[in-house]
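Worksheet: the structure to be examined is printed underneath.
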Amino acid sequence: MLKRFGVSLKEDLLNKFDLLLAEEGYSSRSEAIRDLIRDALVRREWINEETEIAGVTTLVYNHHELELAQKLTDVQHRNYGLIIASLHAHLDEHNCLEAVMLKGKAGEVKRIADGLISTRGVKHGQFVATTTGTGL
């Protein structure tokens, strides 16, 4: 069931919001506000380290770096219960992009993601936290 509510904003803030919506392709303010609310709820899930969450860790690294690929694989095998999938792509003759998908308790997932990103030789890493969707 949909519920309607009103929001009061200063005109200049609303104008900036409308420009943002147009740039991002939203068909309505309602859709954008729903996404903002969902995003806030997902961020809140991460506060409790025991909450079941999901996320993706991206890694860029030179596969010629001594034993780096094996170290990253070993971390994934040691945590196979939390790592639900991975994708490996060759960016060029030296560099690889790896996406590691994780699902589990927020604290454990964050610990594994941080460990992968901080592995010596990783050029860039980033963790994107999301939700399992059950609470939305």
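Laid out as a table, the results:
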item: Overall dimensions of the range 1-61 by Cα: Rg and Dmax, Å; result: 16.1, 49
item: Tilt relative to the chain, helix 29-45 - C-alpha long axis, 0 to 90 degrees, to 10; result: 50 degrees
item: Calculated FRET efficiency for the pair residue 40/residue 103, C-beta based, R₀ 25 Å, to 0.05; result: 0.75
item: Kirkwood-based Rg to Rh ratio, the chain, C-alpha trace; result: 1.11
item: Alpha-carbon Debye profile of the range 52-130, log10 I(q)/I(0) at 0.19, 0.20 Å⁻¹; result: -0.72, -0.79
item: Cβ charges +1 (Lys, Arg) and -1 (Asp, Glu), total dipole of the chain, debye; result: 520 debye
item: Dipole axis of the chain (+1 Lys, Arg; -1 Asp, Glu on Cβ), positive-most option in 83, 132, 9; result: 9
item: Cβ-Cβ FRET estimate between residue 33 and residue 66, R0 fixed at 35 Å, reported to 0.05; result: 0.10
item: For the range 68-74, Karplus couplings with θ = phi - 60° (6.51, -1.76, 1.60), whole Hz, Gly/Pro x; result: 5, 4, 5, 4, 5, 5, 4
item: Using a Förster distance of 30 Å, the FRET efficiency for residue 94-residue 47 (Cβ separation, nearest 0.05); result: 0.15
item: Charge context of residue 131, other residues only, Cβ under 12 angstrom, K/R +1, D/E -1; result: +1
item: Residue of 21, 82, 72 that the Gaussian network model of the chain assigns the largest fluctuation, springs spanning Cα pairs under 10 Å; result: 21
item: Listed residues 20, 102, 91, most fluctuating in the chain (Gaussian network, C-alpha, under 10 Å); result: 20
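Read-outs: derived from the displayed coordinates by stated rules, not from any lab. Nothing here was measured: the structure is a model prediction, and the numbers come from that model. All Cβ positions, even for glycine, are placed from backbone atoms using ideal geometry, and neighbour counts span all protein chains on display.
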